[in-house]
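The next block holds one structure in the form of structure tokens; read it before the comments.
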Amino acid sequence: MTADEQAPLRAILEQRFALSTSLPATFFEHEAPRIAEACWAMARRFHQGGRLLAFGNGAWATDAQHVSVEFVHPVIVGKRALPALALTNDSATLSGLMAGGRPEMPFSEQLRVLARPSDIALGFSPDGRCANVQAALEQARRMGLLTLAMLGGDGGLITTETVDYRFVVASDDPFIVQEIHETLYHVLWELVHVFFEHEGLLQ
Amino acid sequence: MTDRANNEANDTDTQGSEYDRLFYPYLFAGGRVSLDEVLNQVQHSTLEKCRDVIALRRATLATARETLLAAAAAMARAFAAGATLLAFGNGGSTTDAQDLVTDLLHPPVAHWRPLPAIALANDIAVVTAIGNDVGFENIFTRQIIAFGHPGDIAVGISTSGNSLNVLRAFEQAKKQGLLTVALAGYDGGKARRSPAVDFCIISPGDHIPRIQEAQATVYHALLELVQAHLAAEKVRANSDEIRR
């Protein structure tokens, strides 16, 4: 390959890393106070016996699974296992519900049957326009769950009225939205444990 | 705010784990902890973790720029020749493998070409069957034997670079003539030294969550580069067609 042919490829690589090393700073500087509050709220739910129930579509289904494994099996030795599960792992129930032909149904129906009021619902949507994620968060709220949304773009139809904690990565680039979501749920998981060490703050 | 007021009224918390005393000593300096102190320190930690991942992504690009470009070129050639990509890892790295696979099969960019890929942890029946019958170190190897063809691509993700089932899968893949690409953290571990690994892309960090976040950028960049190669190839093929 000639240098001329290589130049655009090098530019793609540099641009990707430039975005991934700039937007996170803007996002976390703005959101740090809300993140700390969300950690505290989640810690109180776990303390009451609540579980984390996570869901999202497409690539974000893998994030629902990723955040769950972090809580259940912490990589930091000595941290306690906390209950978390991804609704997307149950492909039998998901496909069964989707065969019913109502695309907004699967996650909210899973929550309706499975969730308890002390639980935490975490929904992912890269543009805030996933009807099934929106419906599930609304269902969770009605049932009294703590609700969190990790969104991208302009946050779409999942508003501050829909959820308790709404985090929007203001970008239409799906990769950077997802990467910032990943750091965000890692940070929530790492720092929930800080509150866990102070029982007095969990009552 | 009511919750917060209540907590400030009884902020008599003095315990905390050894880990917290080690990593968050400021929480215990005064012997008593208030909610506002903890919230402030959690904010501080959040920003520190953000700085850490940015630094690790910069270090990854500096360390692995040429390897990344070469791996993407080799993967694009393999896809152009009809390859299927097989992706694998453990824990959070499994979900990253699944993420890479869905971004190939069902690309997030409209004009990208959907490409064949399989995440080897997706079939929980197969994973538990192999794990139970022949051992967890073989869960991917056995599937490489079943699915791998010469010219296919094996992508293994391991934050330590030392996961036995990932290393074994690379060895089997190499035997069968697959292109092998490793994503590893720390110093690359055994994956970096394995003769079965064609390209080892290292994110030189030492904290697993940050390594995974840097690795997400790595495979996102690989996806973009592969698609750019395939698009350029298509343009070249079309202009050859026109010349004829």
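A short reminder: the numbers here are calculations on the coordinates, not readings from a lab. The model shown is predicted, which means the values in this text are computed figures rather than measured ones. Every residue, glycine as well, gets a Cβ built from its backbone with ideal geometry; the counts of neighbours run over all protein chains shown.
Only helices at least 27 Å long along their axis, Cα-based, and averaging -1.0 or more on Kyte-Doolittle count here, so list those DSSP H runs from chain B.
Values: long enough: B:35-80 (57 Å, 0.25); B:208-243 (52 Å, -0.16).
TM-like helix candidates: B:35-80, B:208-243.
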Q) For B:Glu233 and B:Arg58, what does the FRET efficiency come to when R0 = 41 Å and r is the distance between their Cβ atoms, rounded to the nearest 0.05? A) 0.85
Q) Given springs between every Cα pair under 10 Å in a Gaussian network model of chain B, which of B:Thr63, B:Thr141, B:Thr180 has the largest fluctuation? A) B:Thr63
Q. What span do the alpha-carbon atoms of the protein assembly as shown cover on each of the three principal axes, reported in whole Å from largest to smallest?
A. 81, 51, 49
Q: Could you check which residue among A:Glu161, A:Glu37, A:Glu70 shows the biggest mean-square fluctuation in a GNM of chain A with a 10 Å Cα cutoff?
A: A:Glu161
Q) Principal axis lengths of the stretch A:3-201 from Cα atoms, whole Å, largest first? A) 59, 46, 31
Q: Enumerate the amide H contacts of B:Cys200 below 5 Å, restricted to partners 5 or more residues apart or on another chain; note that Pro and chain-start residues carry no placed amide H.
A: B:Ala182
Q) Highest GNM mean-square fluctuation, chain B, Cα pairs closer than 10 Å: which of B:Ile202, B:Ile139, B:Ile124? A) B:Ile124
Q. Taking the highest mean first, how do the peptides B:44-55, A:187-198 order by number of other beta carbon atoms within 10 angstrom per residue?
A. A:187-198, B:44-55
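Would you mind giving the mean number of other chain beta-carbons within 10 Å of the Cβ of each residue in B:58-67, as a whole number? Please list the in-between numbers first.
On the way: counts 4, 0, 3, 7, 1, 0, 0, 4, 0, 0.
Shielding by partners across B:58-67 averages 2.
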Q.
Under 5 Å between amide hydrogens, which residues at least 5 positions from B:Tyr186 or on another chain qualify, with H placed 1.01 Å from N in the peptide plane?
A. B:Gly205
Q.
Once each part is reduced to its C-alpha centroid, what is the distance from the stretch A:74-99 to the stretch B:75-128 in angstrom?
A. 20 Å
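Return the average number of partner chain Cβ atoms within 10 angstrom of each residue Cβ along peptide A:5-11.
Working: counts 3, 2, 0, 2, 10, 3, 1.
For peptide A:5-11, the averaged partner shielding equals 3.
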Q | Average other protein chain Cβ within 10 Å of Cβ, residues B:219-231 | A | 3
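Taking only C-alpha pairs under 8 Å that are 6+ residues apart, what is the relative contact order of chain B in percent? Walk me through the intermediate numbers first.
Working: 367 pairs, mean separation 48.0, N = 244.
Answer for chain B is 20 percent.
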Q: Could you work out the local net charge near B:Leu61, counting Lys and Arg as +1, Asp and Glu as -1, over the other residues with Cβ closer than 13 Å to its Cβ?
A: +3
Q. For chain B, what mean projected area does the convex hull of the alpha carbons give, in nm²?
A. 18.4 nm²
